[in-house]
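The values are calculated or read from the model by the stated rules, or taken from the named source; none is laboratory data. Remember, predicted model here, so these are calculated numbers, not experimental data. FYI the Cβ positions are ideal-geometry reconstructions off the backbone, even for glycines, and counts take in every protein chain you see.
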């Protein structure tokens, strides 16, 4: 395994290379250097962390090609509604988009694995699985290519918070009847525990909490959450967001558009996506600490989910994965990711976790 | 802070841009597209994780420029001895090198901060500090440029292990008289605790431990350590390597060579270095877990350093930083990094650490 992975690491993944077919003849390549793509976003401009991932990516591609390859970034709704970005890329309305793979779970629940596994991998683990253990290749071959797109991580949020609650959560009983703004597969888990999951756009969360239409809402983490002002109407800020040990956001590229690129442009796009992912992770890690301090200063009450709540959620999550695993693609991705999770934590719990544990204990003294 | 950092994030850092001066006129740029650099390494070919970071970087640059910009990778000793790579880049014998900034602490102890801070930052924190909080800009302006080079991270190892010991370490007393193969500032700390730090090349560690010339040796982590076979002669494998919560390795570029590059090549080099850093981190995270299992199966005895030992090391480390901080550059970098460490762990201990803690507890059931 190691040798193969090592040789492959960082090269354009096999699935992506194959999708591109043989390189076009040199003459044709030189004649067709001017390329303009549209990239439609699922995230608004004021969510500058994620919006910035797209503009960083676009800038890197432009700089590397002396402006010959231009990727124009469009806000949600300018060309395509926020939640239809991947479909629009699949059907060729746009060449590319920046969205969450998980927004497509209505099409196929396996799209979840591109973003995160509930009680799954942390950010470093998810990227190791994608970049080094053929996880990205598997997603492309088993799923994305069937929907006429190729996928590349473009951002990683780090472990997310569990969200803002109007009342404290002391036991699994407190989840019963809770009107919780949460989507995706995590919403199904909360539903099994008696909550009422709600789908509400970011801009509507504050008034819904204020009016009591909902009791709780999850979003991302301190820096992004701060803008929504939720601490004023739902002061209990819970952690961890067990359903998002990381949040990987994707560049999807229409498959024919990818195949039309010359080989050097494909390499530039692929590597620019990796650079943007690293830089966005660094950006979150730099912006979240001062944002947390500001939120606490403004009255946010930070609370850990009780272990009884985490245990109840974990047990329901295992059952949910088993049910969805009747689908063979879901089953393969789940097995693959779960096995790596077990193997990886056996190692990370030593040097990495012990180092952080000691640092945190010293800080508390 | 956020706004400035956000705008700058991912752009060629100010210090680097300034070093490059104004872009050359377009005609001159087009006429001078063929560039060949030599890149000399401090790491041998059989250390494939780190060697691979250099070849990945070189490949990305070549692919992005259709082979016009070639970076030839040389093993230690082919052109320059392993530990003289940075000096050779400073004096222009080669255009670039891949080495540890910390290998230059004999020239100036502040070179340590490019690699790691003892009891310092973990990998994500160090890269956030470098890429987003102007840490890399500061290192370049305050230190690297004075030595006629520009520095870029090219690899991150993750938190390292504490090394291989012939006998168990039960208290700080067991460090007295211990002949420990360890370099850099960590060696100074162990010396203050009564150990006898030793500088021994990687290839000589095994026979030195076998003969009892030394009692212990640290190297990197499971995958790299496995090749040295140390479990056979020093079975106690301690964690964490508190002196290396991460290990950042650097591409250094000779300053005139950097200034001679056209703007698009500077952007390609900068971004390829970020891509290589992300991919090497993913590679370590993928390769270390199975290597740990193999080591344990072959008899390695994994042990945590006792808290009394960590506390003694921590206290000596604080004193050492205070002494070195008489130098104003060291003082500024230390203060800057320490402040971020405190702020960052206040945040990471919530979502990120609680998520990992729960996952590890579930795994142990």
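Quick check on this structure: which one of A:270, A:321 is over 30 Å from residue B:341 (Cα atoms) and within 18 Å of the chain's Cα centre (by Cα)? Outline the logic, then answer.
On the way: A:321 fails: within 18 Å of the chain's Cα centre (by Cα).
Just one listed residue meets the conditions, A:270.
Give the residues of segment B:247-268 that are in contact with a strand residue (DSSP E or B) (Cβ under 8 Å, 6 or more places away or on another chain) and at the interface with chain A (Cβ under 10 Å from one of its Cβ atoms), sorted by residue number.
B:265, B:268
Only one of these conditions is not met by residue A:118: (1) closer than 30 Å to residue B:273 by Cα; (2) within 14 Å of chain B (Cβ to nearest Cβ). Which number is it?
Condition (1) is where residue A:118 drops out.
Going by the structure shown, is residue B:272 within 9 Å of chain A (Cβ to nearest Cβ), farther than 30 Å from residue B:171 by Cβ, surrounded by fewer than 19 Cβ atoms within 10 Å (Cβ to Cβ) and modelled with pLDDT of 95 or more?
Values: within 9 Å of chain A (Cβ to nearest Cβ): yes; farther than 30 Å from residue B:171 by Cβ: yes; surrounded by fewer than 19 Cβ atoms within 10 Å (Cβ to Cβ): no; modelled with pLDDT of 95 or more: yes.
So residue B:272 fails the test.
Only residues that are within 12 Å of another protein chain (Cβ to nearest Cβ) and either without any contact (Cβ under 8 Å) to a residue 40 or more places away in the chain or over 18 Å from residue B:275 (Cα atoms) (or both): list them for segment B:68-82, please. Spell out how you get there, then give the answer.
Taking segment B:68-82 as the starting set, the residues that turn out to be within 12 Å of another protein chain (Cβ to nearest Cβ) are B:68-69.
Within segment B:68-82, just B:68 meets the criteria.
Residues of segment A:215-229 being away from every other protein chain (no Cβ under 14 Å) and under 22 Å from residue A:285 (Cβ atoms), which ones? Before the answer, list the steps.
Step one: of segment A:215-229, the residues away from every other protein chain (no Cβ under 14 Å) are A:215-217, A:228-229.
Across segment A:215-229, the qualifying residue is only A:228.
For the condition at pLDDT below 95, away from chain A (no Cβ under 14 Å) and surrounded by 20 or more Cβ atoms within 10 Å (Cβ to Cβ), what is the one hit in B:100, B:19, B:85, B:14?
Numbers: B:100 fails: at pLDDT below 95; B:85 fails: at pLDDT below 95; B:14 fails: surrounded by 20 or more Cβ atoms within 10 Å (Cβ to Cβ).
One residue alone meets the criteria, B:19.
Would it be correct to say that residue A:205 is crowded, with 22+ Cβ neighbours inside 10 Å, in contact (Cβ under 8 Å) with a residue 12 or more places away in the chain and within 30 Å of residue B:65 (Cβ to Cβ)? Talk me through it step by step, then tell me what you get.
Values: crowded, with 22+ Cβ neighbours inside 10 Å: yes; in contact (Cβ under 8 Å) with a residue 12 or more places away in the chain: yes; within 30 Å of residue B:65 (Cβ to Cβ): no.
Taking the combined requirement at face value, the residue does not satisfy it.
Just the residues that are more than 10 Å from every other protein chain (Cβ to nearest Cβ) and within 16 Å of residue A:218 (Cα to Cα), please, taken from segment A:291-302. Please lay out each step first, then the result.
In the first step, residues of segment A:291-302 are kept if they are more than 10 Å from every other protein chain (Cβ to nearest Cβ); the result is A:294-295, A:297-301.
Answer for segment A:291-302, where residues must be more than 10 Å from every other protein chain (Cβ to nearest Cβ) and within 16 Å of residue A:218 (Cα to Cα): A:295, A:300, A:301.
If I go through segment A:319-341 residue by residue, how many of them are touching a residue at least 40 places away in the same chain (Cβ under 8 Å) and surrounded by 15 or more Cβ atoms within 10 Å (Cβ to Cβ)?
13
Do we find that residue A:315 is more than 30 Å from residue B:317 (Cα to Cα), more than 7 Å from chain B (Cβ to nearest Cβ) and in a helix (DSSP H, G or I) in this structure? Don't jump to the end; show me each part of the working.
Details: more than 30 Å from residue B:317 (Cα to Cα): yes; more than 7 Å from chain B (Cβ to nearest Cβ): yes; in a helix (DSSP H, G or I): yes.
Judged against the criteria, residue A:315 is a match.
Applying the selection to segment A:240-282, what residues are in a loop (DSSP other than H, G, I, E, B), closer than 28 Å to residue A:188 by Cβ and touching a helix residue (DSSP H, G or I) at 6+ places or on another chain (Cβ under 7 Å)? Spell out the reasoning first.
Of the residues in segment A:240-282, the ones in a loop (DSSP other than H, G, I, E, B) are A:240-247, A:260-262.
With closer than 28 Å to residue A:188 by Cβ added as a condition, the list becomes A:240-247.
A:240, A:241, A:242, A:243, A:245, A:246, A:247 - these are the residues of segment A:240-282 that are in a loop (DSSP other than H, G, I, E, B), closer than 28 Å to residue A:188 by Cβ and touching a helix residue (DSSP H, G or I) at 6+ places or on another chain (Cβ under 7 Å).
Please pick out the residue among A:89, A:49, A:65 that is under 20 Å from residue A:140 (Cβ atoms) and touching a residue at least 60 places away in the same chain (Cβ under 8 Å).
Going through A:89, A:49, A:65 in turn, the sole match is A:89.
Going through B:3, B:72, B:45, B:33 one at a time, which residue ends up being surrounded by fewer than 17 Cβ atoms within 10 Å (Cβ to Cβ) and at pLDDT below 55? Talk me through it step by step, then tell me what you get.
Working: B:72 fails: at pLDDT below 55; B:45 fails: at pLDDT below 55; B:33 fails: at pLDDT below 55.
Only one candidate qualifies: B:3.
Of the residues B:137, B:106, only one is more than 14 Å from the chain's Cα centre (by Cα), within 14 Å of chain A (Cβ to nearest Cβ) and surrounded by fewer than 24 Cβ atoms within 10 Å (Cβ to Cβ); which? Working first, answer last.
On the way: B:106 fails: within 14 Å of chain A (Cβ to nearest Cβ).
After applying the criteria, what remains is B:137.
Residues being touching a strand residue (DSSP E or B) at 6+ places or on another chain (Cβ under 9 Å) and away from chain B (no Cβ under 11 Å): count how many of those fall in segment A:230-246. Don't jump to the end; show me each part of the working.
Of the residues in segment A:230-246, the ones touching a strand residue (DSSP E or B) at 6+ places or on another chain (Cβ under 9 Å) are A:230-231, A:233-241, A:246.
When the remaining residues are screened for being away from chain B (no Cβ under 11 Å), the result is A:230-231, A:233-236.
Total meeting the criteria: 6.
Just the residues that are crowded, with 23+ Cβ neighbours inside 10 Å and assigned to a helix (DSSP H, G or I), please, taken from segment B:349-364.
Within segment B:349-364, B:351, B:352, B:355, B:356, B:359 qualify.
Picking from A:158, A:183, which residue would you name as being at pLDDT below 95 and under 14 Å from the mean Cα position of the chain (by Cα)? Spell out how you get there, then give the answer.
Details: A:158 fails: at pLDDT below 95.
The conditions single out A:183.
For segment B:283-306, check the following and say yes or no: at least one residue is over 20 Å from the mean Cα position of the chain (by Cα), in a loop (DSSP other than H, G, I, E, B), loosely packed, with under 15 Cβ neighbours inside 10 Å and at pLDDT below 95.
No, the conditions are met nowhere in segment B:283-306.
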